[in-house]
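First the structure, in the form of structure tokens, and then the observations on it.
The values are calculated or read from the model by the stated rules, or taken from the named source; none is laboratory data. Just so you know, these numbers come straight off a predicted model, no measurement behind them. Cβ coordinates were reconstructed from backbone atoms using ideal geometry, including for glycine residues, and neighbour counts include every protein chain displayed.
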Amino acid sequence: MARTPSTMQALGTPLPQFELEDTEGGRFSSPRDLGRVGTLVIFMCNHCPFVVHLRETLATLTSEMMGRGLTVVGISSNDADTYPQDGPEEMKWERKKSGYEFPYLYDESQEVAKAFGAACTPDFFLYDHDQSLVYRGQFDESRPGNNTLVTGESLRVACESLIDTGKVPKKVEQRPSVGCNIKWRN
């Protein structure tokens, strides 16, 4: 498994506009579907061991944050021709199996991933209500095989700060996420 770090886009970067199909039907558009508090965009996929490693805690954390007003969306941008386990039908099954309550969107063209500067799965981008990037980075310190408990602490601190105060203080440490590289089309 390749260990690819996130690109750590500049804080304050505006949320890219996009419209993608939801694997459950319908479309999701930004900014029309953004939450009153902010939006968390997660680049992820079904087969990546880094995503699988945090799946249960990710489902719990995102459900809790959504209950507090944060919009959450997952996006898979992997090439489903080469990685069919990451295609829309399999995404639908993964969403149910994992208990993800957020829309799970498929970026077939990979243009959305490029617009965000996404590099790996998982890759987290948190935007405030003004659609400005306030956090990008890791879920927590846990990685497959490092024997560190999956807590979601890094992302939780950023989300709770945003929900409670409308911002993420500079003192909140932002470390790159690490995961599998996005599987780009040739």
Residues (crowded, with 21+ Cβ neighbours inside 10 Å and either over 19 Å from Thr62 (Cα atoms) or not aliphatic (A, V, I, L, M) (or both)) located in segment 103-118 = Tyr104, Tyr106, Asp107, Val112, Ala113, Phe116, Ala118
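Sort out for me the strands (runs of 3 or more DSSP E) sitting completely within segment 11-113 that have 1 or more residues that are free of Cβ contacts under 8 Å to residues at least 12 places away in the same chain and more than 19 Å from Cys180 (Cα to Cα).
Numbers: elements: 19-22, 27-29, 38-43, 70-76, 104-106.
Qualifying strands (runs of 3 or more DSSP E): 19-22, 27-29.
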Given (1) more than 13 Å from the chain's Cα centre (by Cα); (2) at positive phi; (3) surrounded by 15 or more Cβ atoms within 10 Å (Cβ to Cβ), index of the condition Gly137 fails | (1)
Applying the selection to segment 89-102, what residues are over 27 Å from Thr13 (Cβ atoms), buried (at least 16 other Cβ atoms within 10 Å of the Cβ) and either among the small types (Gly, Ala, Ser) or out of contact with any Asp or Glu (no Cβ under 7 Å at 6 or more places or on another chain) (or both)?
-> Glu90, Glu94, Arg95, Ser98
Number of the exception - Thr82 against (1) closer than 14 Å to His47 by Cβ; (2) of a type outside the set (Lys, Arg); (3) in contact with a Pro (Cβ under 8 Å, 6 or more places away or on another chain) = (3)
Quick count over segment 149-173, residues being at pLDDT below 95 and touching a Lys or Arg at 6+ places or on another chain (Cβ under 7 Å), is 0
Check Leu126, Leu149 and return the single one that is free of Cβ contacts under 8 Å to residues at least 40 places away in the same chain and within 20 Å of Glu64 (Cβ to Cβ).
-> Leu149
Keeping to segment 1-23, report how many residues are acidic (Asp, Glu) and surrounded by 13 or more Cβ atoms within 10 Å (Cβ to Cβ).
-> 2
